[in-house]
Amino acid sequence: MTQRESKKICKLIVRQLPPTLTEDAFLSTLPPNTLTNSIDFYYYTLGKFSEKRPINSTAYLHFKTEELAKEFTSIYQGHVFINSKGKETRASVDVAPFQKIPRANKKRTDSKENTIDQDPSFLEFVESLNVPQVFLPSAEEQLDKRLAEQAASGITSDTPIITPLIAYVRLRKSNRGKGMPSKIAILKRDGKKERRQRKEKGPKGEKKEDKPLDPNKKKNRRRDREDRKKKKREAEKEGAVEGEANNAASSTDPSAQAGNVCNPPQKREAEKEGAVEGEANNAASSTDPSAQAGNVCNPPQKRE
């Protein structure tokens, strides 16, 4: 297919087909000779029946020419399908959004087929089969050879064989009672040493200064706490004594008991001194009607 032919609209999609419509039933509804003469590719997807949300079937048809596709659209557009319950369904023919079709399955020929006789790795394998195999000596021959070597070096069969592991175990047993530390003890000792060094170092790796321990630190705290309590009790007692003295003084002073807004305490002495003069003035002002109207907030000094 050339680029010019690929631009033609030759592939159609048939929608709104009944969900239960099979592929053979759909092909039987096509116009005669359409499948053999006009269509070169088709693909059918069966729908799914559901009372709530059914899925309709869909068919993809690719025609040989654009004129055949237009002719099929004019004939099959609105084709009516009637189910067993009498419900009608009309098919909808539209242009497929993707016009290309799958490629035809072409047989690929292998270039290396029937060429194994010319393969170098296979020829090398065939040659190796013709070479006689060399087998290793048997176990008995190897044992006799080993015993002969040991006899030549002065080692008899009764001499025990000491491996490095056996030598290490024997050394551990011989040094067990001589204060030789075990591996676990060495690891514990190293761990304690690392923790001690980590505590001595500050957040930046600096070594902290050792502060001298004060044995009397707890005693001093207890003494300071008792002193604070004692001072608090003494302050409460002094406040109580002052409060009692003030109450006694205020109980003996009648002027302090009777509160007068317009006669503050600092003016009481002046009132006592002018009490005598006030009596004389009252006698003189008895004839004056304006002086008879007493005013609480007008002391005798201000009247004159």
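What accessible surface, in Å², does a 1.4 Å probe find on Val80, ignoring ligands, DNA and RNA and rounding to the nearest 10?
Around 60 Å² of this residue is reachable by solvent.
Counting each pair of different Cα atoms once, what's the Kirkwood radius of the stretch 38-184 in Å, rounded to one decimal?
27.3 Å
Length gain on complete extension for the stretch Ile75 to Leu143, per 0.36 nm per residue less the alpha carbon to alpha carbon distance?
14.8 nm
With 28 Å as the limit, write out which pairs from Lys70/Lys107; Lys11/Lys85; Lys11/Lys107; Lys70/Lys100 have Cα-Cα distances beyond it, or answer none.
Lys70/Lys107; Lys11/Lys85
What does the extension gain come out to for Phe125 and Lys192, with contour length at 0.36 nm per residue minus their alpha carbon separation?
So the chain would gain 17.5 nm between Phe125 and Lys192.
Mind checking the log10 I(q)/I(0) for the stretch 124-178 at q = 0.25, 0.28, 0.29 Å⁻¹? Debye, one equal scatterer per Cα, no solvent, two decimals.
After summing over all Cα pairs, the log10 values are -0.99, -1.05, -1.06.
What number does the stretch 81-122 give for Rg over Rh if you use C-alpha atoms and the Kirkwood radius?
1.57
Just in the stretch 12-94: which chymotrypsin sites (Phe, Trp or Tyr not before Pro) are loop by DSSP and have at most 16 other Cβ atoms within 10 Å?
The qualifying sites are Phe49.
Do any GluC sites (Glu not before Pro) in the stretch 4-79 lie in a DSSP loop with no more than 14 other beta carbon atoms within 10 Å, and if so, which?
Counting only loop positions with at most 14 other Cβ atoms within 10 Å, the GluC sites (Glu not before Pro) in the stretch 4-79 are Glu51.
Taking 0.36 nm per residue of separation and subtracting the Cα-Cα distance, what length does fully extending Lys48 through Lys107 add?
17.6 nm
Enumerate the whole-percent occupancy of each 10 Å bin, from 0 to the last occupied one, for all C-alpha pair distances of the stretch 2-95.
It works out to 15, 49, 26, 9, 1, in whole percents.
Residue by residue through the stretch 30-42, which ³J(HN,Hα) values in whole Hz follow from phi under the Karplus form 6.51 cos²θ - 1.76 cosθ + 1.60 (θ = phi - 60°), with glycine and proline marked x?
6, x, x, 6, 6, 5, 8, 9, 9, 9, 10, 7, 8
Taking 8 Å as the Cα distance limit and 6 or more residues as the minimum spacing, I'd like the relative contact order of the stretch 1-159 as a percentage.
Relative contact order here is 24 percent.
May I ask you to list the residues of the stretch 50-65 whose amide nitrogen lies under 18 Å from a point 7 Å from Cα along the Cα→beta-carbon direction of Thr20?
Only 50-58 fall inside the zone, counting backbone N under 18 Å.
Which value in Å does the Kirkwood hydrodynamic radius of the stretch 61-142 take, with 1/r averaged over all unlike C-alpha pairs and then inverted?
21.1 Å
The values are calculated or read from the model by the stated rules, or taken from the named source; none is laboratory data. Small disclaimer: the values here were computed from a predicted structure and weren't measured. Heads up, the Cβs are rebuilt from the backbone with ideal geometry, glycines too, and the neighbour counts pull from every protein chain shown. Surface accessibility is based on the protein's heavy atoms, side chains included, excluding ligands, DNA and RNA. Shrake-Rupley method; radii C 1.70, N 1.55, O 1.52, S 1.80 Å.
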